[in-house]
Amino acid sequence: MRKRKLAVVLFNLGGPDGPDAVEPFLFNLFNDPAIIRVPQPIRWLIAKIISNRRAPVAKEIYGHIGGRSPLLPLTEEQARALEHLLESRAIPVEVRAFPAMRYWKPFASDTAKAIKAWAPDEIVLLPLYPQYSTTTTASSLLDWDKAAKAVGLHTRTKTVCCYPTDGKFIAAHVSLLREAIGKFRTRDEFRILFSAHGLPKSVIEAGDPYQAQVEATCEAVMQATGGGPFDWLTCFQSRVGPMEWIGPATDKEIERAGAEGKSLIVVPIAFVSEHSETLVELDIEYAKLARESGVPTYVRVPALGTQKEFIECLADLVDEARASDGLICPEEAAGRPCGEEARR
């Protein structure tokens, strides 16, 4: 009997695959209406100006990690691990997981063509953004919808919206966090900073649930870590431009920890793969800031990657989506799903 064919689409932001890709990658990012919320052709012009001005700095950043983003090969590793786990379960299904990047190759249009050629019986859309935002999940899902329609891909599709407090997602973070905690003799020595990519405050005030979901993730991790009270807080990094951003800012909290003589454990709580924000911003720029600020010890917890519980989390979400009516969203049960953009 022929196995059913299941395609899983793994959404992520993507990153430049070489120095020449840096400026067009930035242009694609800032030309997204979910990022720069002004009409065309004004948005195109703004994106052109910003990408041109930021390209030299961005090239220098990527120069620290080989001149390119590691995000695609790391996502491919997650895809292979997910395929292996799903196919090892007692389900007669052939699985292929396809990365679809928002701002660089493979674009959703490339992935939609590849999936149509493979001709699956069903598709599950799975964002590698655990916490929902209009700037990430919604943007990727809308982009996919356009791409699928453009190539005539009409296969039955289910969608995972978000999973900020999923048990295995939380367990994956707890496992890595406990390893870092074990480097210290007492909990009084250190503070835990959960660092997530920031957003302009106006995006959150417009109803985006990202900040609340990030904070819920951090709270769930600390509850699951157990062992009594810890000194910890949620903060946000990667601020750009003159707008007011959500806070507190990770760099300011590093400076405060130094002034208080506190060591730091820094957890990338919204990034599931290593990329420039972790390998350069956290590991190089913020580590230097910590030394200059007098932080006694600076420990950075790895991103989840192919950590066992995280891949199990993704596999469980795929199984749950396949058995659902179409959308997996923890907020839907309360009558307030994260976004109608996620619906099919």
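The values are calculated or read from the model by the stated rules, or taken from the named source; none is laboratory data. These figures come from a predicted structure and were not determined experimentally. Glycine gets a Cβ as well: all are built from the backbone with ideal geometry, and neighbour counts include every protein chain shown.
Of the residues His84, His64, which single one is out of contact with any Asp or Glu (no Cβ under 7 Å at 6 or more places or on another chain) and without any contact (Cβ under 8 Å) to a residue 24 or more places away in the chain?
When all the criteria are applied, what remains is His84.
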Unmet requirement for Ile192, which otherwise passes all of (1) outside the structural domain of Leu279 (by TED's automatic domain parsing); (2) surrounded by 23 or more Cβ atoms within 10 Å (Cβ to Cβ); (3) touching a Phe, Trp or Tyr at 6+ places or on another chain (Cβ under 8 Å): (1)
Looking only at the range 138-165, which residues are touching a residue at least 60 places away in the same chain (Cβ under 8 Å), out of contact with any helix residue (DSSP H, G or I) (no Cβ under 7 Å at 6 or more places or on another chain) and not acidic (Asp, Glu)? Ser139, Ser140, Thr155, Thr157
I'm told Arg178 meets every condition in (1) closer than 19 Å to Ala7 by Cβ; (2) without any contact (Cβ under 8 Å) to a residue 60 or more places away in the chain except one. Can you identify the failing condition by its number? (1)
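Counting just the residues of the range 175-192 that are in a helix (DSSP H, G or I) and at pLDDT below 95, which one comes out nearest to Pro130 (Cα to Cα)?
It comes out as Arg187.
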Failed condition for Trp118, given (1) in contact with a helix residue (DSSP H, G or I) (Cβ under 8 Å, 6 or more places away or on another chain); (2) at pLDDT 95 or above, with all others met? (1)
If you scan the range 115-131, which residues turn out to be within 26 Å of the chain's Cα centre (by Cα) and either surrounded by 24 or more Cβ atoms within 10 Å (Cβ to Cβ) or among the hydrophobic types (A, V, I, L, M, F, W, C) (or both)? Ile115, Ile123, Val124, Leu125, Leu126, Pro127, Leu128, Tyr129, Pro130, Gln131
Quick check: anything in the range 247-264 surrounded by fewer than 15 Cβ atoms within 10 Å (Cβ to Cβ), within 22 Å of the chain's Cα centre (by Cα) and modelled with pLDDT of 95 or more? yes
Which condition number does Glu292 fail, the rest of (1) acidic (Asp, Glu); (2) buried (at least 20 other Cβ atoms within 10 Å of the Cβ); (3) not in a loop (DSSP other than H, G, I, E, B) being met? (2)
Of all residues in the range 299-330 being over 19 Å from the mean Cα position of the chain (by Cα) and not aliphatic (A, V, I, L, M), the one that is surrounded by the fewest Cβ atoms within 10 Å (Cβ to Cβ): Asp325
Which numbered condition trips up Tyr132, out of (1) in contact (Cβ under 8 Å) with a residue 24 or more places away in the chain; (2) assigned by TED's automatic domain parsing to the domain that holds Glu255? (2)
Against the definition (modelled with pLDDT of 95 or more, closer than 26 Å to Ala117 by Cβ and over 22 Å from the mean Cα position of the chain (by Cα)), how does Leu6 come out, yes or no? yes
